[in-house]
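The values are calculated or read from the model by the stated rules, or taken from the named source; none is laboratory data. Small disclaimer: the values here were computed from a predicted structure and weren't measured. Please note: Cβ atoms are built from the backbone with ideal geometry, for glycine as well, and neighbour counts cover all protein chains shown. We work out accessible area using only protein heavy atoms, side chains counted, and drop any ligands, DNA or RNA first. Shrake-Rupley method; radii C 1.70, N 1.55, O 1.52, S 1.80 Å.
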Amino acid sequence: MGGYQEKSSKPFFNNLYDELTGLPNFFLFEDRVQMAVNNENYKDARLPKDLIAVVGVSVDNIELFRRLGLEDFALKKIANTLVLSLKKNYTVARGLKYPFWILMPDIANSYDLDLELRKIMSIFKEGVSDNFTTHDLVVSVGASVFPNPARSAKKLI
């Protein structure tokens, strides 16, 4: 038949999720951040604004896992641990600049934000265990918070 070629055999739905981990990909993550920011921006002016945090997580020693042939295993294990350990209204996603992104909406104050960030850091102290060994994880975590300093989704990310 004339000229029509299918770009991908995957349904569109699957293009929004990372094939390795099953997490939302960065494009779906961006959309969820925009929805969270819109929700806060259009909230009744008499109500206090909640904080929204976007956290980027870099696995600094991923090269070690790559050399051991455990990179995919480690990324899947980290993804699973994050999803199971964090609140259900948080979005854990695979990213472009960082291997993992976390959207944390509806945070009441900076004290609660600090507790959540500490919880994230404690998750990585467990390391990644295969059948024989526990491998340490070295991670860097950066967070941006709405409404200060970021007032839009693009600036937040």
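Let's see how each residue does on (1) over 20 Å from ASN41 (Cα atoms); (2) assigned to a loop (DSSP other than H, G, I, E, B); (3) modelled with pLDDT of 95 or more:
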| position | (1), (2), (3) |
| --- | --- |
| ASN89 | no, yes, yes |
| ALA93 | yes, no, yes |
| LEU115 | yes, no, yes |
| ASN131 | yes, yes, no |
| GLY142 | yes, no, no |
Check your understanding: Can you name the residue in segment 59-100 that is of a type in the set (A, V, I, L, M) and without any contact (Cβ under 8 Å) to a residue 40 or more places away in the chain and is also most open to solvent (accessible area, probe 1.4 Å) among such residues?
Key -> LEU84
Revision key, fill the gap. Of the residues in segment 20-58 that are within 19 Å of PHE146 (Cα to Cα) and in a strand (DSSP E or B), the one that is most open to solvent (accessible area, probe 1.4 Å) is LEU51
Review point. If TYR111 passes every condition in (1) farther than 16 Å from ALA143 by Cα; (2) assigned to a helix (DSSP H, G or I) but one, which one does it miss?
Key: (1)
Practice item. Please work out which residue is most open to solvent (accessible area, probe 1.4 Å), limiting yourself to segment 110-157 and to residues that are among the small types (Gly, Ala, Ser) and closer than 22 Å to ARG32 by Cα. Key: SER110
Practice item. Would you point out which residue out of LEU70, LEU75, LEU137 is touching a His at 6+ places or on another chain (Cβ under 8 Å) and over 26 Å from GLU40 (Cα atoms)? Key: LEU70
Practice item. Test each condition in (1) more than 22 Å from ALA108 (Cβ to Cβ); (2) modelled with pLDDT under 90 for VAL59 and report the one that comes out false. Key: (2)
Check your understanding: Among (1) more than 19 Å from LYS154 (Cα to Cα); (2) at pLDDT below 95; (3) not hydroxyl-bearing (Ser, Thr, Tyr); (4) not in a helix (DSSP H, G or I), where does ASP106 come up short?
Key -> (1)
